[in-house]
Amino acid sequence: MARSEEVRVTENGDGKVMFVPAMEPYCVKIMTPVFRSIGYDARLLEESDETLALGFKHTGGGECVPCPITTGALISAMQESKLSPEDVILFMPTACGPCRFGQYAKLNEIILENKGWKNGDKGITIMSPTAENAYAGLPQSARMRMWHALVLGDVFRKLACKIRPYEVNKGETDAMIDKHMDIMAKLFEGTDISNAPNLLAACVDDLLTIKKRDEKRPLVGIVGEIYVRSDPYINGGLVQTIEKLGGEAWLAPFAEWIFYTIQVRHLLANQRGISAGSIIEKAVAWFESNFFFEKQEHKYYKVADPILHDRHEHDIRTVMEAGQKYLPWQFEGESIITLGRAELFVKRDGAKAVVNASPMFCMPGTVTTSIFPVLEKELNVPIICNFYDGSGDPNKSLAPVMHYLVEAENSVGV
Ligand code: SF4
């Protein structure tokens, strides 16, 4: 069946305010300036208990938590800023597949209409690039810079995760990363980002000077739904909890989802058979993946190699191949990469445990949680499936597992 390639992205900001969900502290920080470089007054939405409560108040209660959290943050920002709805854009990427993500933008539209901030084409604009075409639709050069920003965010996060647990002087790693990310973000306010590798290299050099404790920590892989696994506010500081309990975390990167959407596009074009359209589509997907996306990713990982030599990601085809043992690729969405990445974390990266982080009611999260007991048996490591909705402390479940893993790590060779 033909799939729509709908793109709803305006090309020039004209100084309009663009609110960007703060779903993660690294990539988004460098991606937001890219919007500024094309004329938007891009601002990060703030998340707090109050904005989450506001989001729940305006949604039905059955939505997965990324929906109320972004909705509440937008309503709060609108109320505080008193901006005219005509001057505001909400950046809300969308996706297809057997889950609700594709409906967030629609639901936002209804809520904004009820608030009197939208009426058809008038009022707040929802900018909604879609996973169906790997988020094409932004002006091409900005889309490319966006990709650089995203990969750099992933690299900064990995650098922090690799050094922070071992630092002698508490807070030194985060302070250094923050400083260098501010410099990088400034670069992305403009359109010439050719100095990005040098700026990253300066950060790596600085991080290498940090004094570290010589200790062994179990590596814990984090997979799951991209918003919740990446957002420390909603996941109760999952990475920091693992570190406090004596482990080192490795979070599946943001870039994984983009590679996945390109690969699915490629597979779908194959499935449709040989037509002029599918040949062009396959060629574009192959070109983008091999000559742009992967090339840039390799470039930045090479710069970070003195620290991240053992933290490289797997090719998305390898991740999907691993996941396909448990689900067919035609079952679109995050489940297959969650399962595949979990297996690779254990089999190839040496993780001693995996955390599967999902929003409460998440459809892919529920599917993977039902399959993970099979993997747990096969891989012989603990796999902890946590669901988050902003209440309680789901990370409590980690304490006994981490205690056992830390003891086991330290008794190796004794
Ligand atoms: S992936 Fe999960 S949390 Fe995200 S929209 Fe789909 S069901 Fe909701």
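Read the figures in this text as sums done on the coordinates, not as results from a lab. Keep in mind that this is a model prediction, so the values were computed, not measured. Neighbour counts are summed over all protein chains in view; Cβ atoms, including those assigned to glycine, are modelled from backbone coordinates with ideal geometry.
Observations, loosely collected:
- Segment 50-108 - residue that is among the acidic types (D, E) and either surrounded by fewer than 19 Cβ atoms within 10 Å (Cβ to Cβ) or more than 16 Å from the ligand (Cβ to nearest atom) (or both) and, of those, nearest to M363 (Cα to Cα): E50
- For segment 324-340, a tally of residues being within 15 Å of the ligand (Cβ to nearest atom) and not polar (S, T, N, Q) returns 8.
- Among the conditions (1) surrounded by 24 or more Cβ atoms within 10 Å (Cβ to Cβ); (2) of a type in the set (D, E, K, R); (3) more than 22 Å from I258 (Cα to Cα), R341 misses just one, which is (3).
- Which listed residue, of V367, V374, V346, V354, is of a type in the set (A, V, I, L, M, F, W, C), over 22 Å from Y104 (Cβ atoms) and either surrounded by fewer than 21 Cβ atoms within 10 Å (Cβ to Cβ) or within 16 Å of the ligand (Cβ to nearest atom) (or both): V374
- Where I89 falls short, out of the listed (1) in contact (Cβ under 8 Å) with a residue 40 or more places away in the chain; (2) not in a strand (DSSP E or B): (2)
- K325 being free of Cβ contacts under 8 Å to residues at least 24 places away in the same chain and either part of a helix (DSSP H, G or I) or of a type in the set (F, W, Y) (or both): no
- Of the listed requirements (1) assigned to a loop (DSSP other than H, G, I, E, B); (2) of a type in the set (G, A, S); (3) more than 29 Å from I163 (Cα to Cα), G390 misses just one: (3).
- Matching residues, segment 232-273, being within 16 Å of the ligand (Cβ to nearest atom) and either assigned to a helix (DSSP H, G or I) or in contact with a strand residue (DSSP E or B) (Cβ under 9 Å, 6 or more places away or on another chain) (or both): I234, N235, L238, A252, E256, W257, I258, Y260, T261, V264
- Checked against (1) without any contact (Cβ under 8 Å) to a residue 60 or more places away in the chain; (2) within 16 Å of the ligand (Cβ to nearest atom), H314 passes all but a single condition, namely (2).
- Among residues of segment 33-49 being outside any loop (DSSP other than H, G, I, E, B) and closer than 16 Å to S81 by Cβ, the one that is farthest from the ligand (Cβ to nearest atom) is D41.
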